1. Work out from phi, with θ = phi - 60° and the Karplus expression 6.51 cos²θ - 1.76 cosθ + 1.60, the ³J(HN,Hα) of each residue of segment 173-186, listed in order in whole Hz, and give x for Gly and Pro.
2. From the helices alone, meaning DSSP H stretches of at least four residues, give me the mean residue ellipticity at 222 nm for the chain, per-run term -39500 (n - 2.57), in deg cm²/dmol to the nearest 500.
3. What's the center-to-center distance, using Cα atoms, between segment 25-62 and segment 70-113 in Å?
4. What's the longest piece of the chain with no exposed trypsin sites (Lys or Arg not before Pro), counting a site as exposed if DSSP puts it in a loop and it has at most 13 other beta carbons within 10 Å?
5. Given the options 246, 36, 254, which has the most mean-square fluctuation in a GNM of the chain, springs set between C-alpha atoms less than 10 angstrom apart?
6. Which shape class, rounded, prolate or oblate, goes with segment 102-167 when its Cα gyration tensor gives a ≥ b ≥ c as root eigenvalues, a/c under 1.5 marks rounded, and past that a/b bigger than b/c marks prolate?
7. With θ set to phi - 60°, apply the Karplus curve 6.51 cos²θ - 1.76 cosθ + 1.60 along segment 214-230 and write out the HN-Hα couplings as whole Hz, x wherever there is a Gly or Pro.
8. So which of 112/191; 35/93; 35/190; 43/112 end up more than 24 Å apart, counting from Cα to Cα?
Amino acid sequence: MEMPVLPASSPPDWERLLNTVSPSRLQCWTQCRLKFYFRYVAKIEKPPSPALHVGKVAHAVLQAWNWARWRGLATDKLEAVFLEQWDEHRETKIDWEGQEEQERASTWALLKTFFAQTSIQDRPEAVEVSVEAQLPGSIQLVGIIDLVRAGGRIVDFKTTSKTPSDTMSEHQHEIQLCCYALLYRDATGKKESGMELHYLVRLKTPKLALIGLPPMNERQEARLHRIIHSYREGLQQRDFVPSSGFGCAGCEYFAECRRWDGKESHG
Ligand code: SF4
């Protein structure tokens, strides 16, 4: 298949893409292969959307909260962490449409709601742990797990503007959670006791939603291995095609996608 045209300064790292896989790359691959191409092969950088910035900042503050609890330290400096994180990427020119102050205030309100209402009170088993596992077919799975609660419950934090549903959440995040389960089992030699999605829901009155899931079952594990196989086959064939759908409305590569001529060039 014809190779894509790329800037000379940004060659694709095919070896790394083929020999390692992460939950975020797999997720992007299953959403849209052309988007994957723009993001990971052509490496076209885009400023984060306001929602992405909010999610990153919230994640960083929750990380600081988890680290403090893990070390047995006070958690009273989190607003300073929040303000620092909020300003960290100021040069990336986020298009706030004049709403930055409101967004900042509502994000801090959301985090305060989380700290006041969360059911997570136990000392963590692990925080932001970077793990890797060698899978069949000489491919390495790499990932960072937000939090492992006492007893081996894998936790991931999400920010969202809508109240999530159990079935759809499990479906949408199955790849990510099953990757974490594989990584946890490989690192510890134990099966996780369950998985939890903790949602920070950005409504006028912020709220939390917790979706608890059982350990990964055999069918889910088989699905994940099949997806990883498809990822590798598709990459080897340079099979980058668009998957048009509802997700296109928020796609940062919409302009590049509309210019795509079927020859895998982002022109
Ligand atoms: S606009 Fe849609 S089809 Fe095009 S790259 Fe983005 S997600 Fe894929």
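1. 10, 4, 4, 4, 5, 5, 4, 4, 5, 4, 5, 5, 5, 5
2. Taken over the chain, the calculation gives -13500 deg cm²/dmol.
3. The two parts, judged by their Cα centres, are 19 Å apart.
4. Here the longest run is 1-76.
5. 246
6. In terms of gyration-tensor shape, prolate.
7. Coupling constants for segment 214-230: x, x, 4, 9, 5, 5, 5, 5, 5, 4, 4, 5, 5, 5, 5, 4, 4 Hz.
8. On the way: 112/191 33 Å; 35/93 22 Å; 35/190 36 Å; 43/112 36 Å.
Where the Cα-Cα span goes over 24 Å, the pairs concerned are 112/191; 35/190; 43/112.
Throughout, read-outs are computed from the coordinates displayed, never taken from laboratory work. The structure presented is a predicted model; accordingly, all values stated were derived computationally and were not measured. Don't worry about glycine lacking a Cβ; one is built from the backbone with ideal geometry, like all the others, and counts go over all protein chains shown.
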